[in-house]
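Novice: One structure coming up, written as structure tokens, with questions to follow.
The values are calculated or read from the model by the stated rules, or taken from the named source; none is laboratory data. Since the model is a prediction, treat every value here as computed from it, not as a measurement. When we count neighbours, we look across all protein chains shown, and the Cβ atoms used for this are built from the backbone with ideal geometry, even at glycine.
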């Protein structure tokens with residue numbers, strides 16, 4: 001084993017076997033004698049085919065993975081993007097094949113050097129599990145299924161030593177480990193466990209957005225069979241209704257319409273089509289109007305975005321590393337959950353190659369994981385502020401500001417590419433302001449605060 005990948009820990013414990021947990025296992029397996037993944041579902045992780053999981057709220061949904069997620073998954077599991085496509089995932093060029101209505105306009109279609117990937121959640125987990133099995137060449141990743149963590153074992157000097165758990169084998173057992181990754185999602189019980197250990201808990205940041213979306217699978221009209229085009233309609237604030245069409249398999253469309261608390265939730269196929277007819281751009285409605293549905297509408301709702309600020313704790317619990325929704329549960333509309341979790345796991349992987357002590361590893365990881373959360377937290381409002389070059393705007397863009405910025409996107413492919421890369425979590429929002437400053441130095445007439 002190389003010096004760079006030397007073993008630093010005897011055992012790491014991962015709580016939860018979804019994408020965040022699997023990605024964390026990929027990050028940890030080279031640096032631990034043993035990785036124990038605890039999963040509450042009674043599921044065979046090496047099934048011969050993709051399967052739905054009862055414990056995953058979005059198990060039946062399609063996931064659209066943006067650029068950062070693709071980049072991070074490929075870093076953790078080399079070759080996985082090809083494997084996903086072999087398993088049926090669809091990719092499209094951004095924005096030649098991703099037809100976007102945004103900022104009140106149909107956006108220009110040009111090659112921005114990015115791709116959008118759509119994959120069914122069971123297929124994504126299946127391919128990631130297979131990739132993890134190939135990585136763990138020393139068979140040092142053990143899965144304990146149908147097992148649930150019930151608390152933390154913590155030393156007197158505030159270091160994790162393991163978890164308490166229950167399973168059909170035992171109603172009370174202790175599993176020892178010097179690193180614990182919490183990948184149990186938005187319903188994590190970590191704050192209760194920390195209180196029980198008499199440890200400080202992180203402060204919470206919460207935003208209410210009352211977001212819902214309803215998804216239905218349609219049979220593609222023959223004209224569009226085997227095409228990987230996407231159609232995306234984003235609401236222009238203060239409007240709130242949006243929609244998308246994502247390719248799935250070679251002959252199906254995954255259609256999603258979205259709204260907020262005051263928007264009527266469609267419950268039938270006819271209501272889905274009628275709701276699509278109310279979107280600002282008629283394209284999605286026109287495409288699905290003649291199409292036959294092959295599934296019933298399925299609703300997913302998230303009322304609050306919650307960010308547990310582990311990074312701001314004066315004394316974080318050494319060795320306790322939350323990831324994904326257990327760190328920050330974001331607005332599901334923008335497809336950022338998988339990307340943030342895999343990004344955080346990639347950061348953990350990089351740190352494990354360089355960090356020596358668990359205290360330093362913990363604090364540095366929490367800071368970097370928070371940077372990933374910050375890139376996605378309330379992204380739309382932050383982008384609006386960047387466009388207006390204001391740090392204090394509480395409202396969305398004015399109509400005039402939106403017209404100016406949209407005009408610039410049409411005229412300037414570099415700005416368009418930068419703007420989309422921000423949404424793909426590949427560039428910080430601040431890069432927009434840096435770009436404006438550069439254009440001003442070049443004496444190019446550019447956007448100013450209105």
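Novice: Among the residues of region 179-190, are any outside any loop (DSSP other than H, G, I, E, B), over 26 Å from the mean Cα position of the chain (by Cα) and surrounded by 15 or more Cβ atoms within 10 Å (Cβ to Cβ)?
Specialist: No, the conditions are met nowhere in region 179-190.
Novice: Kindly check whether there is at least one residue in region 216-230 that is crowded, with 17+ Cβ neighbours inside 10 Å, modelled with pLDDT under 95 and within 26 Å of the chain's Cα centre (by Cα).
Specialist: Yes, that holds for at least one residue.
Novice: Quick one: count up the residues across region 108-117 that are buried (at least 20 other Cβ atoms within 10 Å of the Cβ) and touching a helix residue (DSSP H, G or I) at 6+ places or on another chain (Cβ under 7 Å).
Specialist: Going through region 108-117 one residue at a time, the tally reaches 2.
Novice: Which residues, taken from region 80-103, are more than 20 Å from the chain's Cα centre (by Cα) and more than 27 Å from residue 234 (Cβ to Cβ)?
Specialist: The answer is 86, 87.
Novice: Scan region 243-255 for residues that are surrounded by fewer than 24 Cβ atoms within 10 Å (Cβ to Cβ) and not in a loop (DSSP other than H, G, I, E, B) and jot them down.
Specialist: Result: 248, 252, 254.
Novice: Continuing with the same structure: Checking residue 2 against (1) at pLDDT 95 or above; (2) not assigned by TED's automatic domain parsing to the domain that holds residue 176, only one condition comes out false. Which one?
Specialist: Going through the list (1) at pLDDT 95 or above; (2) not assigned by TED's automatic domain parsing to the domain that holds residue 176, residue 2 breaks only (1).
Novice: Further question on the same structure: Has region 88-96 got at least one residue that is on the phi > 0 side of the Ramachandran plot and modelled with pLDDT under 95?
Specialist: Yes: one or more hits.
Novice: Just checking, which of 321, 348 is outside the structural domain of residue 240 (by TED's automatic domain parsing), in contact with a helix residue (DSSP H, G or I) (Cβ under 6 Å, 6 or more places away or on another chain), assigned to a strand (DSSP E or B) and over 18 Å from residue 63 (Cβ atoms)?
Specialist: Step by step, each of 321, 348 is checked, and only 321 is outside the structural domain of residue 240 (by TED's automatic domain parsing), in contact with a helix residue (DSSP H, G or I) (Cβ under 6 Å, 6 or more places away or on another chain), assigned to a strand (DSSP E or B) and over 18 Å from residue 63 (Cβ atoms).
Novice: Restricting to region 370-383, and then to whatever is modelled with pLDDT of 95 or more and over 13 Å from the mean Cα position of the chain (by Cα), can you tell me which residue is farthest from residue 421 (Cα to Cα)?
Specialist: Top of the filtered list is 370.
Novice: May I pose another question? Among the candidates 407, 431, which residue alone is free of Cβ contacts under 8 Å to residues at least 12 places away in the same chain and part of a helix (DSSP H, G or I)?
Specialist: Being free of Cβ contacts under 8 Å to residues at least 12 places away in the same chain and part of a helix (DSSP H, G or I) holds for just one of 407, 431, which is 407.
Novice: Related question: Can you name every residue in region 98-108 that is modelled with pLDDT of 95 or more and either in contact with a strand residue (DSSP E or B) (Cβ under 7 Å, 6 or more places away or on another chain) or on the phi > 0 side of the Ramachandran plot (or both)?
Specialist: 98, 99, 100, 101, 107, listed by residue number.
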